1. Find the percent of Cα-Cα distances in segment B:564-718 that exceed 26 Å, and round it to a whole number.
2. Less than 16 Å apart at the alpha-carbon level, and either on another chain or at least 8 residues along: which aspartates and glutamates does that give for B:Lys444?
3. Quick one: label points 7 angstrom along Cα→Cβ at A:His442, distances to the other copies in nm, smallest first?
4. Step through the table entries B:Lys256/B:Lys474; B:Lys480/B:Lys510; A:Lys243/A:Lys474; A:Lys445/B:Lys445; A:Lys169/A:Lys256, compare each Cα-Cα distance with 18 Å, and write down the pairs that go over it.
5. Rounded to whole Å, how close does chain B get to the rotation axis onto A by Cβ? Give me the residue too, please?
6. How big is the dipole moment of segment A:496-647 about its Cα centre under a simple scheme where the beta carbon of each Lys and Arg is +1, that of each Asp and Glu is -1, and everything else is neutral? Debye, nearest 20, please.
7. Quick one: putting +1 on the C-beta of Lys and Arg, -1 on the C-beta of Asp and Glu, what dipole do you get for the protein assembly as shown around its Cα centre, in Debye to the nearest 20?
8. Sorting B:Glu599, A:Glu508, B:Glu328 on the 10 Å Cβ count, fewest up front, what's the list?
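Just so it is clear, none of the values below were taken in a lab; they were calculated from the coordinates. Keep in mind it's a predicted model, so treat the numbers as computed, not measured. FYI the Cβ positions are ideal-geometry reconstructions off the backbone, even for glycines, and counts take in every protein chain you see.
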2 protein chains.
Amino acid sequence: MTPPAPAPVRQDGNTSGIAALLRPRSIVIVGASEKSRWSRTTFDNLMQSGFVGRVHLVNRRGDVVHGQQSFETCGAIGEQVDLGVVIVPAEAAVASIDDFGRAGGRAAVVLTSGFAETGAAGMELQNRLHDAAKVHGVRLLGPNSLGFVNFADNVLSFATPIRAPSRRKGTGIVSQSGATAFFLAELAYQQDIGVSYVVATGNEVDVDVSSVAEYLVDDPRTQAIALFIETVRDPASFLRAAKRALQIGKPIVVLKVGASEVTAKSAAAHTGALVGDDRVFDGLCRQFGIIRVRSIEELLATSEIVARTGALRPGGLCFISNSGGICEIAADAAQLRGIELPDVDAPTATALQGTMPGFGTPHNPLDLTGGIEPAQCEEAIRILGGQERYAAILCAWYSIPVSTYEESPRLAQLHHHLSKGLNEADVPGLLVSYTPAVVNDHAKKIIGETKAPYVACGFDRAISAFAGAFWWSKRQREAKQSGAIAQTLQRSSGERPSSERAALEYFERKGVPVVPATVAVDEAQAVAAANGYGGRVVLKIASPDIAHKSDIGGVALNLDGEQAVRSAYRRIVDAARSHAPDARIDGVIVSPMRDRGVELIVGMSRDAQWGPVLAVGLGGVWVEVLQDVSLRILPTHVGEIRNMLTELKGAKMLAGQRGIPAADLDAVAAVIARIADAMLELGPDLVAMDVNPLWVRGDHVEALDALFVWQDETEPTA
Amino acid sequence: MTPPAPAPVRQDGNTSGIAALLRPRSIVIVGASEKSRWSRTTFDNLMQSGFVGRVHLVNRRGDVVHGQQSFETCGAIGEQVDLGVVIVPAEAAVASIDDFGRAGGRAAVVLTSGFAETGAAGMELQNRLHDAAKVHGVRLLGPNSLGFVNFADNVLSFATPIRAPSRRKGTGIVSQSGATAFFLAELAYQQDIGVSYVVATGNEVDVDVSSVAEYLVDDPRTQAIALFIETVRDPASFLRAAKRALQIGKPIVVLKVGASEVTAKSAAAHTGALVGDDRVFDGLCRQFGIIRVRSIEELLATSEIVARTGALRPGGLCFISNSGGICEIAADAAQLRGIELPDVDAPTATALQGTMPGFGTPHNPLDLTGGIEPAQCEEAIRILGGQERYAAILCAWYSIPVSTYEESPRLAQLHHHLSKGLNEADVPGLLVSYTPAVVNDHAKKIIGETKAPYVACGFDRAISAFAGAFWWSKRQREAKQSGAIAQTLQRSSGERPSSERAALEYFERKGVPVVPATVAVDEAQAVAAANGYGGRVVLKIASPDIAHKSDIGGVALNLDGEQAVRSAYRRIVDAARSHAPDARIDGVIVSPMRDRGVELIVGMSRDAQWGPVLAVGLGGVWVEVLQDVSLRILPTHVGEIRNMLTELKGAKMLAGQRGIPAADLDAVAAVIARIADAMLELGPDLVAMDVNPLWVRGDHVEALDALFVWQDETEPTA
């Protein structure tokens, strides 16, 4: 048999060959052995799950293993096999992949550990493994992976026992930690959360979390994608997945570790991954509508709930329970998480009271009380579900019984009517347990009968999940409004403006409003310039060699009258000469004084992973003490920059404070967008940039100062 | 039979008679009936729980009910009964309490609803109920209560079916919402969390959440107190409980709703409770070491874990799991919640590597990996548990099996060795499930055999619980160091200083450093005063009728030289005359200019519920935009005021910023304490006070301005 030509790799994003990996027609366990726990478990998982394709075994002695005759090599099987599950020792892995590839294998999971995670020698072995796979066009998952599960096609190619939930579609789980993948799958089983795939990506020598995400974005059984990430190895692939997901409306939920320093250390020990700047990652999650969460439970509850609700229409949440105490906790939790709970309007209140005689004044959250009649619950949900102000209904109630002890005719009636009301509502409606619960066979039967739209995560997690759903739905709508997402454009103009003046003049040519300025080379010119502007002025030393002018006494603010200007001129020049004797001094810049406004900082720096990052913050204590900065990767668009302004902790400052008029956010965002475009045009040699401050008063926006830092540039002398 | 003399009420705090309520020797169900779900459930609960005392039934027809002969009245029983469970209709409740009291009853739970929660008529009926109880010295729980459970003594006097956890000591649950009490009890059952009492306080006409808390503080079976609160009806009792708990080292954990406006509305509909100022409550929680949480799950997990660990010694948390991914999530979660995870020191790392051949570099969090040998886990915990830098060990691991499917010899060995290591460690050590799990009979058996110190709440909740435990332990130590908690001292001195000058002079007499000041009545005096101070000065209008001087142009800052002082004097007096023509003008205050420092605001206002509240914040945007204020109820002490300074969002400003030296926090706290004492001496007619700013530069602290607002005082004219 002639091996087929190598399959093409990395066309069409990075998803080529991933179908052969995740949806194989046939499988071979390479290194099958009675002694191996992984071999036994993987084989049992595949057999018990009902996988319809062939499962071959390769054992170097050709023994009978797990009751089945094995082959000595893949070549000996005599037919092409899509997927190889490799569990041979690390030192034998390269040869096994070579054998598998020669036999026409298309994708392999390497469970074996002892590669990059162990140090330099392991890294070298891992590279050889990758090379062997590339020769044959075999896609590799791992090494050091626990494998993957494709519930929809009954492919449970996983090294630990794993149980399938009832619904084999819903969340696609991708995790860089095998154990975390298992905990997520186990939690999904316990709460019977719908799952399409569980993929543990291990050391990611080839297939990584991003490429699997790219694949799942277009997978019809996957309604939401849940990622556990330590580091993103292929930022371009990750961004392709994120942009496409936002475009077609498939939610991505991410639990990414690395916010703490200690974590950076653990991650290094764990997979050798370098943990990127968490704040940049946070910014791009906001930018591309990725829902970021902080715990395993939140990850799964959020992806399940967003998968079920889909994109919500504008409006708030209607919360219903049969306990006033729970309604109060829900109201606090919703406020904390930014969910709106629009109150019941007067006609609806009247309609509700008509359905529920003797009932008090209905509010949202709505306490239906312990004494409610089951049919009244359904009617109340029907009335509330028809209200335009609500985009979704969350009903917290007793859990679906998991034993006959918990059953009662009344509870059954309640669950029946609640479910009917929620299923028939105009907007997505979910029934959620009060606290985290399990869904066992007993509960599954009831859910099957009542068609209960039930999530057993507890209402606290459900509210945080709904916060994600509301936010993501808004991002969805914004993405549609702002049209296509901006594409990278980094042609370099060849210019290299360096001094403050050159930087500001460059910006001015690009349409960025810049404060008027005159370079004076003597006192008289300074006075003349000041008189020309009228009012108070600012003097600053003009030197391409002095970056931090204030620090050396090179700035004088708020100068009123000729005498003040003259004395400031002398003071500044003297200070510059004494603090930076070698600096070239072009003179002194004279500008009108700008105050009674808000000062922003607009910056850019290049992230090793994500490229140019735009930072927008408020000046003074906001940025210095509170690190109040919003980040986005570039390019981006005006609407997104406007979002950056509104998400600042000090956003109120822009809404008008202490006699300063409210900033025109559209005007400010437009100027920042022009600054960003102008920067990008300068090409990748511009490694960092600051416009500090960008002064704003109403719709009057001006760059007052700017600093460019170029690649390989000698540091300014001061 | 002569009824006994009424029992004394409200001696020794508010706990008198509560023992008769919660630990009755005999019980009567008043209004027992086959038709009543409550009657049936309460009777079944009492019978099945193994209550050793007599359970009588009273039914107005004297029927056989629940298979037992009932009496027509309590008097007919012929013996004194401690506890009455009243489930008669609302209109019959007063007569029933009267009958019960005449027969010598000591305490009653009134399950019946239809009282204050329904409006004015219900409130009146509730007051009559209370009056009837007072006549006989009967303590009342409710009305509109679901009852209570005393697991330790098998008194399940509760209106819904309730299941007992294995350990009948641990958390004492007190809830103003009956349903929430039930959810807490049910969650405790599912996770087999130790519970001593569950008390639903209902409308709180007599016994309230505070009085039960006071009782539980000294109850030996209660190791931690978990409260669900909508409003505190008896602040004095609440504070007694909190202070005593802090004194004797019994943790109180509180879930209090009311942070959101919507909640305030729901609560009004629910129990007619007025929700107090949430920020004041938050401040007093910090002040008295009450752990505040935000969800039902967090409430229970925190009280269980703090009950188990007790007060922790100084040091950080050692986190162990067998997954690198989990270690990373734990590190992020710990940082987010302020838990320190001190890294493993070099000798310990060497010792660990000696125990675990081939193991990488050990860190904290410690990933023991999936390949660890069970006995090595025990040894690793032994080594880490002996380190002084760790105050507790949290080990996240696979849950204890709930079925044979989940069992394996290896997992059993792991649980055995982990438990042994944790139980023998020098510091508290807990085993926690990765995600929320249940503890059923299968798991209970394993826990019994392995003595696993197991909490099934999931490691995310466990970390938030440990954050509470660490914080509470620190408050414990601080409370011991600061000695007795300050006692209220509010003798009024009879003084009523009113103008800015009078206020500052009053403070000066009381030892508060105040900026020097001279009142000038003409330009010449102002110039002389300025010359006397030297340097730049400030001029401010001096008038008892002008409170907000800046707003009318009554302040001039940063004046340098005679000309500037003269022109400012004229400007200020003119501005005052034109803006407030009727104001008395005493002249112009001349003070040295204070800048290059940090400006604090020190304020006091009287809370309707909690009395005088001290507010300390940073001036400018901090207080105006960020509401960056720390609150404590008065009186308090210097150590606590120092804590207020360090918990400000802008605390970094006090650590030295932008060339301003670090503030001497002890000096600042001492001055604020003097301000607080001086205010309290002025008595309750002083309804509000501001020292704004309190200027701080290093150890130089000065009040620059002060404003007193007196009861019934005419508002200043400007």
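1. Details: 4250 of 11935 pairs.
Of all Cα-Cα distances in segment B:564-718, 36 percent exceed 26 Å.
2. B:Asp192, B:Glu406, B:Glu407
3. Sorted ascending, the copy-to-copy spacings read 1.4 nm.
4. Numbers: B:Lys256/B:Lys474 22 Å; B:Lys480/B:Lys510 28 Å; A:Lys243/A:Lys474 15 Å; A:Lys445/B:Lys445 28 Å; A:Lys169/A:Lys256 23 Å.
Those over the limit are B:Lys256/B:Lys474; B:Lys480/B:Lys510; A:Lys445/B:Lys445; A:Lys169/A:Lys256.
5. Value returned for chain B: B:Pro436, 2.
6. The calculated dipole for segment A:496-647 is roughly 240 debye.
7. It works out to roughly 1940 debye.
8. A:Glu508, B:Glu599, B:Glu328
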